[in-house]
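The structure appears right after this line, and notes come after that.
The values are calculated or read from the model by the stated rules, or taken from the named source; none is laboratory data. Note that the structure is a prediction, hence the values are computed from the model and not measured. No Cβ is skipped: glycine too gets one built from the backbone with ideal geometry, and neighbour counts run over all protein chains shown.
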Amino acid sequence: MKLAIFDIDGTLTATSKADADCYVQVFKDQFNLEIANGDWDRFKHYTDSGIMAEIFDEEYGREPTAQEHQLTIAAFERLLRDAFDRNPTLFAAVAGASKMLDHLRKANGWAIAMATGCWRASAEFKLSMANINWRDIPIATSDDEYVRVKIMEQAQSMALSRYQVSRFERIVYIGDGIWDLISSRELGFGFIGMQHEGHHKSLSEAGAKVTIPDYRDLDGFMALLETAPTP
């Protein structure tokens, strides 16, 4: 059996802008801290928990408490819900994503998992608002680990249990960030980059051999899953 692991923001859901805007806002609301929206490359771990930990270390010289963590997650989800109420179009699915996942569910020999730097509550909210059926898919999140490589490894472990196999003969990660590419390279996973115009540094320039804009070419995507190399 083979495994396809998907990022969420910018990969299954077109929610990168809403997510970033609300993430910046929650630190202003909760802690009166200003974060430069778009300056994400300065963080060592581009995950919700990882960024929060680095911000607290810079500002307070300590880790956030469990209570601060949970209150921030709850406030962040409220901001996302408010953003959806104002403009539901910011929570659309990437074109063809839902149909593609349904096709993969029925395809012989393929397992599905998700690995995201988001907190679980926000990940589930964005998937639901984008009308993507996620409830039967293992999802590893920033609640599980704050290092992206470990989140991806957790998704693999969850999928092994979910599909009751001892190993996957091939693993491909689909993501839209440079951090996704770097983590896939470190783990030896095949990589398919979701390349959006004007979104992050070019994945091709960073070493991605295969990039796509969406999932509308379903047959083409399925062929890439079989051949996409490690970046």
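Brief remarks follow.
- Test: ILE51 is in contact with a Gly (Cβ under 9 Å, 6 or more places away or on another chain), among the β-branched types (Val, Ile, Thr) and either surrounded by fewer than 16 Cβ atoms within 10 Å (Cβ to Cβ) or not assigned by TED's automatic domain parsing to the domain that holds TRP119 (or both): yes
- Selection within the stretch 160-196 - under 13 Å from the mean Cα position of the chain (by Cα) and among the β-branched types (Val, Ile, Thr): ILE174, ILE178
- Subset tally (residues that are at pLDDT 95 or above, surrounded by fewer than 21 Cβ atoms within 10 Å (Cβ to Cβ) and part of a helix (DSSP H, G or I)) for the stretch 106-133: 6
- Residue within the stretch 63-85 that is of a type in the set (Gly, Ala, Ser) and either touching a strand residue (DSSP E or B) at 6+ places or on another chain (Cβ under 8 Å) or surrounded by 18 or more Cβ atoms within 10 Å (Cβ to Cβ) (or both) present: yes
- Set ASP214, ASP219, ASP176, ASP136: member being buried (at least 23 other Cβ atoms within 10 Å of the Cβ) and among the charged types (D, E, K, R): ASP176
- Condition check for ARG86: under 16 Å from TRP119 (Cα atoms) and of a type in the set (Lys, Arg): no
- Close pairs (6 angstrom Cβ cut-off, 6 or more residues apart or separate chains): on the phi < 0 side of the Ramachandran plot in the stretch 86-114, of a type in the set (Ser, Thr, Tyr) anywhere: PHE91/THR15; ALA93/THR13; ALA97/TYR215; MET100/TYR215; ALA111/TYR163
- One residue alone among ALA155, ALA159 is surrounded by 24 or more Cβ atoms within 10 Å (Cβ to Cβ), closer than 20 Å to TYR46 by Cβ, touching a residue at least 40 places away in the same chain (Cβ under 8 Å) and of a type in the set (Gly, Ala, Ser), and that residue is ALA155.
- Failed item in (1) under 19 Å from the mean Cα position of the chain (by Cα); (2) farther than 20 Å from ALA140 by Cα; (3) modelled with pLDDT of 95 or more; (4) not in a helix (DSSP H, G or I), with ASN37 passing the rest: (3)
- Against the criterion of being closer than 14 Å to THR116 by Cβ and of a type outside the set (Phe, Trp, Tyr), ILE182 does not qualify.
- With respect to the stated conditions, THR65 fails to be under 22 Å from ALA18 (Cα atoms) and at pLDDT 95 or above.
- Output for the stretch 164-186, where each listed residue is free of Cβ contacts under 8 Å to residues at least 60 places away in the same chain and either in contact with a Gly (Cβ under 9 Å, 6 or more places away or on another chain) or closer than 16 Å to ALA208 by Cβ (or both): LEU181, ILE182, SER183, SER184, ARG185, GLU186
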